[in-house]
Structure formats: C-alpha cells, structure tokens
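Right, one structure below, let's go through it.
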Amino acid sequence: MKNKQWNKYTTGAVKSSFAKVLLCMSNLFLYIEKALESSSLDETIEMTRKAFALSQDVSQWVEPEGRIVKPIQYVKFPDKLVCIPPRELPRRRLGTEAGRRSFIHAIAHIEFNAIKLALDIAYRFKGLPKQFYDDWIFVANDECKHFEMLCAHLKNYDCQYGDNPSHDGLWSMAVKTEEDLIARLSLVPRYLEARGLDVTPAMLEKLYAQKDNATAAILEVILEDEVSHVEYGTKWLDYVCKQENIEREGAFFENIEHYLKGQVLGPFNRPLRLRAGFSESELSELEKRDKRR
Ligand SMILES: [Fe+2]
Ligand SMILES: [Fe+2]
C-alpha cells in the first residue's frame, strides 16, 4: 500500500508575520499562479521572472495563512500547441536541417514544460521551509533562460515554439502526482529531469560530430544547470522523508515502481547523478531495474 505523505504539507501552518511581508508573499504566490494559469508564453515568462525577483528581494517571509491552491487542471499551456502521443512523433535525424529544427523544438518543449513543473511544485505544496520555495522559483527562472535560448536559436531555422507537434509526457506525471510531494520529487526532478543528465552527453557528441556548435553550446549550459535541479530534488526528498521518518531510498523506489510500472529506462550517467545527490546504492538499484538491460 502506497504511503500518503502529503497531508502535512497541505495544512499551511503559519505562525506570524508583518503585513508588508505578507503582501509581498501574497504577490509572490499570485505571480506563480498567474504564470501557471497563463496560456501565453510571454506572460508565463514575465510572471516567473517577477516571482523570482521577489523571492530574491524578500529575505524574511512566511507563507500566507490560508493560501488557496487550485486544482492542477487550472494550469494552462499555449493554445497553439498540438500534443500527440510520444510514439507518433516523427523521428529526428540530426544530419538534416529539418531534423535539427525538430530536435531543437523538442528540447524547447521540454524546457517550457520544465518552467511549469518547477512553478507547480512551489505552488502546490504548502507548509514547507522558505528555502523550498526559493529553490523551485530559482529552477523555474533557469528553465525560462533555457527556453528563451532555444526559442532564439529556433528563429535561425525559421521556426517558432508551437510550430511542431509535441507530447505531454512530462506534464502528465505532474498531474498524476498532484497530491503527493514525495511522489512528485521522486518522479519529476529525480526521474524525468535526471534522464536529461543521462541522455544529453550523447546528444552533445552527435552535435559536435555534425559541427553544430551553436546548438551544442546551449545544451552545455542546460546540462550544467540541470545537475543542480536534480540535486534540489534529492535535497527536498531527503528533507521530506526525514520529516516523515521514512527512508529515502525505499520511498523513491516505491514511487518509481508505482508510477513507472517496470518501465525504468537507462543507461544512467553515474558521475552526473552522483553530483546530483544519487547514492551508489540508488544507482545500482536503478541499473538492476533498467528495462533495457
Ligand atoms: Fe532546463
Ligand atoms: Fe531543469
């Protein structure tokens, strides 16, 4: 039977605070909510940046008492975006211009989803330390940077984000883990984002082999930032498990099993995952469960 550990983080316990600080924090969560509920790319980015600036500005704050969190169905994506099942997406061959364009578009899609994912974890789970919210708003701001770099690069291919079909594989995991912080941390930063650490070095090799140094330079920046995003996943999974007095590795694999149902995909990049806080025993266990072995 799967544990249901989220209740503690949805009670929103607040002790006291100054009115000004409360106002700032109300604005902070309003910005996050607006970014989540916007179907405009520009507004999503603008609101994320405002939330980030505020989180950097206010050194002492507490979460507003009685903060209302709306169901995840309120989160919106651009209307123009066409989502199809991952297996129906056309194959991307980096050797052609069309292949490179759809490759860059696909990464831009991952990064746009990553903005919403980082905002959603900050928005949805209540009653956590200030640093929890600061960390995930920091990540959302990084994801905006990644998305904008890729959109600027797509212009060189006469393409805009939304021109190609995409898949909703990333966001569907956020929906499934809407009410469970341990599941969210296990599956989103520590599985889906961590897959980026596994697959990006091979992509970089291919790009350098094709002499596509411009795309490679963007992916180098993204890869380095993503190590810290996965590390935040480890840090907060550790924190929540300690609070709940449960063992991190057991909780992680319980959720991996429950949500992925034996579909764990490797191989895994040990050095980068170690930097992101995975233990040797977690990596060995992941390797044992790798469906492709
Ligand atoms: Fe990213
Ligand atoms: Fe990320």
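The values are calculated or read from the model by the stated rules, or taken from the named source; none is laboratory data. Fair warning: this is a prediction, and the values are worked out from it, not measured in the lab. Every residue, glycine among them, receives a Cβ derived from its backbone with ideal geometry; neighbour counts consider all protein chains shown.
Below are the figures for this structure:
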quantity: Options LEU197, LEU185, LEU119, LEU204: the member that is under 16 Å from the mean Cα position of the chain (by Cα), over 22 Å from GLU63 (Cα atoms) and not in a loop (DSSP other than H, G, I, E, B); calculated: LEU197
quantity: Top-ranked residue in region 166-182 [being outside any loop (DSSP other than H, G, I, E, B) and among the hydroxyl-bearing types (Ser, Thr, Tyr); ranked as nearest to ligand 1 (Cβ to nearest atom)]; calculated: SER166
quantity: Region 257-280 residues that are farther than 21 Å from GLU247 by Cα, paired with ones that are in a helix (DSSP H, G or I) and not hydrophobic (A, V, I, L, M, F, W, C) (beta carbon under 6 Å, 6 or more apart); calculated: PHE268/ASP198; ASN269/ASP198
quantity: Checking ARG195 against (1) crowded, with 19+ Cβ neighbours inside 10 Å; (2) over 18 Å from LEU81 (Cα atoms); (3) within 13 Å of ligand 2 (Cβ to nearest atom), the condition it does not meet; calculated: (1)
quantity: LEU219, sole failed condition from (1) part of a helix (DSSP H, G or I); (2) of a type in the set (A, V, I, L, M); (3) more than 16 Å from ligand 2 (Cβ to nearest atom); calculated: (3)
quantity: Residue within region 198-214 that is surrounded by 22 or more Cβ atoms within 10 Å (Cβ to Cβ) and within 16 Å of ligand 1 (Cβ to nearest atom) present; calculated: no
quantity: Residue among ILE104, ILE121 that alone is at pLDDT 95 or above, crowded, with 19+ Cβ neighbours inside 10 Å and within 13 Å of ligand 2 (Cβ to nearest atom); calculated: ILE121
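Matching residues to (1) β-branched (Val, Ile, Thr); (2) outside any helix (DSSP H, G or I); (3) under 25 Å from GLU97 (Cβ atoms):
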{"residue": "PHE112", "(1), (2), (3)": "no, no, yes"}
{"residue": "ILE115", "(1), (2), (3)": "yes, no, no"}
{"residue": "LEU128", "(1), (2), (3)": "no, yes, no"}
{"residue": "ASN141", "(1), (2), (3)": "no, no, no"}
{"residue": "HIS146", "(1), (2), (3)": "no, no, yes"}
{"residue": "HIS153", "(1), (2), (3)": "no, no, yes"}
{"residue": "ASN164", "(1), (2), (3)": "no, yes, yes"}
